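Here is the structure we will look at, set down as structure tokens.
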2 protein chains.
Amino acid sequence: MGMKAFICLMWLLMWVSQSKGRLLFIPSKPDPNDAAASARWLVSLNFWGVLNTISADLGGAPFGNVVSYSDGLTGAGTGIPYFYLTSLDPTARNALENDKASLTVSEYPLGTCGTKDPMNPTCSKISLTGKLKLVDQQSKEAEFARKALFSKHPEMKDWPKNHNFQFFKLEIENIFLIDWFGGPKPLTVEQYLHPKMNNVGFLVLNLQSAL
Amino acid sequence: MGMKAFICLMWLLMWVSQSKGRLLFIPSKPDPNDAAASARWLVSLNFWGVLNTISADLGGAPFGNVVSYSDGLTGAGTGIPYFYLTSLDPTARNALENDKASLTVSEYPLGTCGTKDPMNPTCSKISLTGKLKLVDQQSKEAEFARKALFSKHPEMKDWPKNHNFQFFKLEIENIFLIDWFGGPKPLTVEQYLHPKMNNVGFLVLNLQSAL
């Protein structure tokens, strides 16, 4: 089968297996030695995690909150997580006071860890640490965030207007990735944002954007 | 059917539906108006979450990490989460320097949120904030933690001895619970630790400890 036919077949598979803008068909997990591909696979395939901020109300405690996120349209992830938050909720309020934050995502709910424990190092997990920033709501970036989020989280478009939800993003400064035995994988933000496309699983994930 | 027969039937159902010390049969979700029962249901049924600490290495950023936990044997949860951590991992190191912490758990991976988004307020989520403390490893409490954790996470007993895993617990000081529309539910630590047994779903969950 030629490359074009293979790409068409993959595209068709992704198209028929999408549900609510998310994939039902999970592209194969990258080689754990490829830290950038593993990290991008995990962040792009998942669509919720725990967003952590510093809570002044709770004496400076680290405060985790379950959030939905998106790093782009399905198959066209950028690696940068966007959020749709209201300052009725403490996370957005905390971030507007102190923008230190992290987003933590587990492979476990994707169903690809088999019978392994969620803390088993081969069941991957990532914590992106950086600054949680309000996006200019009139910008092109806000429009990108809207499409990225609403495609994977369709009910967001119906969330109450008077709650004043706004788009935020995490500006990543540090990456903590565990995807195998032997401790966290060295991975710079630059490597994460511009991964080499040398992994078939990750390539499949990005086919849609190339077509 | 008499109460004894009902209890026996429930006990039998739980016994046959256990897998690795976790329940395959999910006791029905408590009435969202019963904040204590909802919180205890969520913490006892789930077995992993994100544990947040303050990272001195990352300039005081809140650092979330995927962890396995247990609040007791299946059906006999106490509400207090225990962990099995190694200081090879930043979370335990952070806690030994600064014990401010929170544990965040989502209902979403239990599969009981249906088609709702993970951020939909009726898909419940909880953040327990407090202090992450090392348990005296020779104490009865450590023995309790061992049974609680190893029953729900059987592979823990085979984790490398030379990694020096130790039992920790979260001393809860504040509870943030969303289980319905209308913002976080008022819930004190006292109410959470000693819930009224007035909810059938929660009663079923606790039957095993009563037998």
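The values are calculated or read from the model by the stated rules, or taken from the named source; none is laboratory data. Since the model is a prediction, treat every value here as computed from it, not as a measurement. A quick note on method: Cβ atoms are made from the backbone with ideal geometry, for glycine too, and the neighbour counts reach across all protein chains shown. Calculation scope for accessible area: heavy atoms of the full protein, side chains included, ligands and nucleic acids excluded. Shrake-Rupley method; radii C 1.70, N 1.55, O 1.52, S 1.80 Å.
Points worth noting:
- Scan of the range A:140-196 for residues that are within 16 Å of A:ASP31 (Cα to Cα), touching a Pro at 6+ places or on another chain (Cβ under 6 Å) and of a type in the set (Phe, Trp, Tyr), ordered by number: A:TRP180, A:PHE181
- Every residue from the range A:91-128 that is among the charged types (D, E, K, R) and not in a loop (DSSP other than H, G, I, E, B): A:ARG93, A:GLU97, A:LYS100, A:LYS125
- Comparison of B:GLY49, B:GLY79 shows that the only residue that is more than 7 Å from chain A (Cβ to nearest Cβ) and either open to solvent by 20 Å² or more (accessible area, probe 1.4 Å) or part of a loop (DSSP other than H, G, I, E, B) (or both) is B:GLY79.
- When the range A:162-211 is filtered for residues that are of a type in the set (D, E, K, R) and at pLDDT 95 or above, the ones remaining, listed by number, are A:LYS169, A:GLU171, A:GLU173, A:ASP179, A:LYS185, A:GLU190.
- The residue of the range B:75-93 that is farthest from B:ALA142 (Cα to Cα), among those that are more than 11 Å from the chain's Cα centre (by Cα) and β-branched (Val, Ile, Thr), is B:THR91.
- Among (1) under 27 Å from B:TYR82 (Cα atoms); (2) more than 10 Å from chain B (Cβ to nearest Cβ), the one test that A:ALA37 misses: (1)
- Where A:VAL105 falls short, out of the listed (1) facing another protein chain (nearest Cβ under 9 Å); (2) out of contact with any Gly (no Cβ under 6 Å at 6 or more places or on another chain); (3) buried (at least 16 other Cβ atoms within 10 Å of the Cβ); (4) not polar (S, T, N, Q): (2)
- Here B:LEU58, B:LEU96 are screened, and the one residue that is more than 9 Å from chain A (Cβ to nearest Cβ), of a type outside the set (Asp, Glu) and without any contact (Cβ under 8 Å) to a residue 40 or more places away in the chain is B:LEU96.
- B:ASP31, sole failed condition from (1) touching a residue at least 60 places away in the same chain (Cβ under 8 Å); (2) under 13 Å from the mean Cα position of the chain (by Cα): (2)
- Residue count for the range A:140-177, restricted to those that are touching a helix residue (DSSP H, G or I) at 6+ places or on another chain (Cβ under 9 Å) and assigned to a loop (DSSP other than H, G, I, E, B): 1.
- Of the residues making up the range B:161-194, those that are of a type in the set (S, T, N, Q) and at negative phi are B:ASN162, B:GLN166, B:ASN174, B:THR188, B:GLN191.
- Residues (buried (at least 20 other Cβ atoms within 10 Å of the Cβ) and either within 17 Å of the chain's Cα centre (by Cα) or more than 8 Å from chain B (Cβ to nearest Cβ) (or both)) located in the range A:114-149: A:CYS123, A:SER124, A:LYS125, A:ILE126, A:SER127, A:LEU128, A:THR129, A:GLY130, A:LEU132, A:ALA145, A:ALA148, A:LEU149
- Condition check for B:PHE165 on (1) more than 16 Å from the chain's Cα centre (by Cα); (2) surrounded by 17 or more Cβ atoms within 10 Å (Cβ to Cβ); (3) facing chain A (nearest Cβ under 9 Å): one failure, at (3).
- Looking across the range B:61-73, the residues that are more than 7 Å from chain A (Cβ to nearest Cβ) and either buried (at least 24 other Cβ atoms within 10 Å of the Cβ) or closer than 18 Å to B:GLU171 by Cα (or both) come down to B:TYR69, B:SER70, B:ASP71, B:GLY72.
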